[in-house]
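**Student:** Provided herewith is a single structure, encoded as structure tokens, for subsequent inquiry.
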There are 2 protein chains.
Amino acid sequence: MSENGKKDVLLEVDDSVRETARNLVQAARYGALATLSTNDGYPQCTRVGLATFKDGTPFIFISALAAHTGALLADPRCALLVGEPGKGDPLAHPRISLSCRAEVVAPHLNDAKQARKIYLEAHSKAQLYIDLPDFRFFRLVLVKASFNGGFGRAYALSTADLMMQI
Amino acid sequence: MSENGKKDVLLEVDDSVRETARNLVQAARYGALATLSTNDGYPQCTRVGLATFKDGTPFIFISALAAHTGALLADPRCALLVGEPGKGDPLAHPRISLSCRAEVVAPHLNDAKQARKIYLEAHSKAQLYIDLPDFRFFRLVLVKASFNGGFGRAYALSTADLMMQI
């Protein structure tokens, strides 16, 4: 039992689980981002476009005009849910919840050029707004993750479980 | 300009916007729920199954074994994102972010019977787990909402904008 008494519902992580979880993150083109509101401490939940660096770190592309950007600049703690349901019970489909710290990718750095290239490969329509001055890339540095493969199939994943071997 | 200087990006709410936003919530069978972790204050983001009461209030059906349930019992502040993307740019599709306070629907009350009936109509597969003892309905009492109809079409909505006239 863990300190919160929930350990017994978690299954053991193996390589197959790691691969499925990594693939889910790599394949995601958007997700739900949870941030902490700067006004009232409520969590906020917004849709964001995303892609992943080669090492497996997800990054998002967001506008300074949106509430989540101010929230992340004030408090970088966030969560990202990826993995979309198909037909049938939405809870039977795999999804992963990442706990992250968001970091601005400084526009003059090589990482920003890399992010721009990867993002446009994943989001061809983003060509329309990729160079707008209010948009920035934020790297979501993984802290831990919770993978839910469907009913009764929950796993706690570490950063190492999710990062790519490069 | 509002105090956070973002007022100028919000459009005026009219009846058509209210109707579109209400329909989006009414039609949603699942959403992304943001809660506040009891362990470290990080936001959490998880998928939840949902339906709505006749007055327009959404409710979710969650297990005590899941982290979001403990989080909501400790701090009822949460957010719910609904409205799923279709083809093309995921950010071009309408979605709504609700700020809410979660309240347990006491199992012995008529509201719980009502919730059970409505939930099963929306989720026939939930018959498999609707009566498991660790599951509870939580009403998500609306505080405010942010409706994003696609690029450049953002609206701040009040509870009155989203509730049904019954």
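**Student:** Residue by residue through the range B:75-90, note down the ones that are under 13 Å from the mean Cα position of the chain (by Cα) and under 15 Å from B:Phe151 (Cβ atoms).
**Tutor:** Listed by number, the list holds a single entry, B:Gly83.
**Student:** Report yes if B:Gly31 is closer than 24 Å to A:Cys100 by Cβ and under 10 Å from the mean Cα position of the chain (by Cα), otherwise no.
**Tutor:** Details: closer than 24 Å to A:Cys100 by Cβ: yes; under 10 Å from the mean Cα position of the chain (by Cα): yes.
Spelling it out, B:Gly31 is indeed closer than 24 Å to A:Cys100 by Cβ and under 10 Å from the mean Cα position of the chain (by Cα).
**Student:** A further question follows. As an exercise: evaluate A:Gly56 against (1) of a type in the set (Gly, Ala, Ser); (2) within 23 Å of B:Gly149 (Cα to Cα); (3) in contact with a helix residue (DSSP H, G or I) (Cβ under 7 Å, 6 or more places away or on another chain) and give the number of the one condition it does not meet.
**Tutor:** (2)
**Student:** Going through A:Phe138, A:Phe147 one at a time, which residue ends up being away from chain B (no Cβ under 11 Å), of a type outside the set (D, E, K, R) and under 30 Å from B:Asp134 (Cα atoms)?
**Tutor:** Working: A:Phe138 fails: under 30 Å from B:Asp134 (Cα atoms).
Result of the check over A:Phe138, A:Phe147: A:Phe147.
**Student:** Further question: Within the range B:41-52, can one find any residue that is at the interface with another protein chain (Cβ under 8 Å from one of its Cβ atoms) and at positive phi?
**Tutor:** There is at least one residue in the range B:41-52 that is at the interface with another protein chain (Cβ under 8 Å from one of its Cβ atoms) and at positive phi.
**Student:** Quick one: in the range A:76-130, which of the residues that are basic (Lys, Arg) and facing chain B (nearest Cβ under 10 Å) is surrounded by the most Cβ atoms within 10 Å (Cβ to Cβ)? Steps first, answer last, please.
**Tutor:** Going through the range A:76-130, the residues basic (Lys, Arg) turn out to be A:77, A:87, A:95, A:101, A:113, A:116-117, A:125.
From the residues that got through so far, the ones that are facing chain B (nearest Cβ under 10 Å) too are A:77, A:95, A:101, A:125.
Numbers: A:Arg77: 19, A:Arg95: 25, A:Arg101: 16, A:Lys125: 14.
For the range A:76-130, the residue satisfying everything is A:Arg95.
**Student:** Continuing with this model, one more query. Please verify whether B:Ser63 is closer than 25 Å to B:Glu121 by Cα, of a type in the set (Ser, Thr, Tyr), within 10 Å of another protein chain (Cβ to nearest Cβ) and surrounded by fewer than 23 Cβ atoms within 10 Å (Cβ to Cβ), treating the condition exactly as stated. Please lay out each step first, then the result.
**Tutor:** Working: closer than 25 Å to B:Glu121 by Cα: yes; of a type in the set (Ser, Thr, Tyr): yes; within 10 Å of another protein chain (Cβ to nearest Cβ): yes; surrounded by fewer than 23 Cβ atoms within 10 Å (Cβ to Cβ): yes.
Yes.
**Student:** Only residues that are among the β-branched types (Val, Ile, Thr) and surrounded by fewer than 18 Cβ atoms within 10 Å (Cβ to Cβ): list them for the range A:18-40, please.
**Tutor:** A:Thr20, A:Thr38
**Student:** Looking at A:Leu72, is it facing chain B (nearest Cβ under 9 Å) and surrounded by 23 or more Cβ atoms within 10 Å (Cβ to Cβ)? Even if it seems obvious, please write down each step before you answer.
**Tutor:** On the way: facing chain B (nearest Cβ under 9 Å): no; surrounded by 23 or more Cβ atoms within 10 Å (Cβ to Cβ): yes.
Against the criterion (facing chain B (nearest Cβ under 9 Å) and surrounded by 23 or more Cβ atoms within 10 Å (Cβ to Cβ)), A:Leu72 does not qualify.
**Student:** Follow-up question, since we're still on this one. Please give the number of the condition A:Val13 fails out of (1) farther than 22 Å from A:Tyr119 by Cα; (2) in contact with a Ser or Thr (Cβ under 9 Å, 6 or more places away or on another chain); (3) within 13 Å of another protein chain (Cβ to nearest Cβ).
**Tutor:** Unmet condition: (3).
All of the numbers you see were taken from the coordinates with simple rules; none came from a lab. Note that the coordinates shown come from a computational prediction; the quantities given were computed from them, not determined experimentally. Note: ideal-geometry Cβ built from the backbone for every residue, glycine included; neighbour counts use all protein chains shown.
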